[in-house]
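The values are calculated or read from the model by the stated rules, or taken from the named source; none is laboratory data. Keep in mind the model is a prediction, meaning the values are calculated, not measured. Every residue, glycine among them, receives a Cβ derived from its backbone with ideal geometry; neighbour counts consider all protein chains shown. The protein model used for the area step is the full one, side chains on, heavy atoms only, and it has no ligands, DNA or RNA in it. Shrake-Rupley method; radii C 1.70, N 1.55, O 1.52, S 1.80 Å.
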Amino acid sequence: MLDMGFIRDIRYIVDRLSPKRQTLCFSATITSEIKTLLSQMLVNPVTVSVKTSEGSNHIEQDIIPVEGKIEKLEYLKKMLKDPEFARVLVFGQTKFGVQHLAEDLTKAGIPSEAIHGNKSQSHRQRALNSFKAGHVRVLVATDVAARGLDIPNVSHVINFDQPNTYDDYIHRIGRTGRAGKRGKAL
């Protein structure tokens, strides 16, 4: 949350806490900028890493070349109609684009939910619960809304829009291939 526009809010909270406290910070990736911020907020921090390498050997990664937005959308619809795509998390760049994509997929007979920053917490939770329960097979999300999601058995992560950074890519594909299970990132 530190690198996604919440730094002022976090500083506000930290400034009001007792200096004698225990603070824990969890992240799949920590950039040098975030390390600098953490060093300003934490006293004698200890790093514990359970990750042994970047990426995962449980995730099959592939690139699908397409020409333009229309072909990309049509290819996505074709893929999502395949039963192999059992529980799919699709990432987009913008709130508007994510909402529009979820609506397009639903109109095409692929029930989908969207989660993004313009949705209230109760709407995001309802969409997430619907996805987890299997009422919809596709959840379309922005990076901010998808941070920290723990959804079991995500079969595929599809980067409909390219992530901005390598760390964003790692966060995205890390939603599949969890707990020793296999996953696919496209």
Practice task
Please list, or write none, the aspartates and glutamates whose alpha carbon is within less than 18 Å of the alpha carbon of K77, excluding same-chain residues fewer than 8 places away.
Solution key: D62, E67, E103, D104, E113, D161
Problem - Length gained when the stretch V144-C25 is fully extended (0.36 nm per residue, less Cα-Cα span) - result: 41.1 nm
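Between K107 and T165, what FRET efficiency follows from the Cβ-Cβ distance if R0 is 22 Å, with the result rounded to 0.05? Walk me through the numbers on the way to the answer.
On the way: r = 32 Å, r/R0 = 1.45.
Calculated value: 0.10.
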Fill in the blank from the handout: With all protein chains in place and a 1.4 Å probe, V88 shows an accessible area in Å² (nearest 10) of 0
Problem - Rounded D (µm²/s) - the range 67-148, Kirkwood Rh over Cα pairs, Stokes-Einstein at 20 °C, 1.002 mPa s - result: 168
Practice task
Would you kindly find the accessible area of L42, with a 1.4 Å probe and non-protein molecules such as ligands, DNA and RNA excluded, rounding to the nearest 10 Å²?
Solution key: 40
Practice task
Heavy atoms only, probe 1.4 angstrom, no DNA, RNA or ligands counted: give me Y75, Y166 ranked by accessible area, highest first.
Solution key: Y166, Y75
Fill in the blank from the handout: Place a point 7 Å from the Cα of I70 in the direction of its beta carbon; the residues of the range 138-182 whose amide N falls under 16 Å from it are none
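Of all the accessible heavy-atom surface of the chain, with the other protein chains kept in place and a 1.4 Å probe, what percent is carbon and sulfur?
Working: 6410 of 11880 Å².
Result for the chain: 54 percent of the exposed heavy-atom area is carbon or sulfur.
Below 14 angstrom from the Cβ of G134, what's the summed charge of the other residues (Lys, Arg +1; Asp, Glu -1)?
Details: positive: R87, K132, R137; negative: E113.
Taking every other residue near G134 into account, the sum is +2.
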Practice task
At 1.4 Å probe size, with no ligands or nucleic acids counted, give the accessible surface of E67 in Å², nearest ten.
Solution key: 150
Problem - Linear extension gain, K78 paired with N129, 0.36 nm per residue minus alpha-carbon span - result: 15.9 nm
Handout entry: Most to least accessible of R172, R182 (protein chains only, probe 1.4 Å)
Key = R182, R172
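Which entries in K95/K184; K72/K132; K72/K181; K35/K72; K35/K69 show an alpha-carbon gap greater than 32 Å?
Numbers: K95/K184 24 Å; K72/K132 26 Å; K72/K181 28 Å; K35/K72 37 Å; K35/K69 37 Å.
Checking Cα-Cα distances, K35/K72; K35/K69 exceed 32 Å.
What number comes out for accessible area per residue over the chain if the probe is 1.4 Å? Units Å², please. Please list the in-between numbers first.
On the way: 11880 Å² over 186 residues.
About 64 Å² of surface per residue is accessible.
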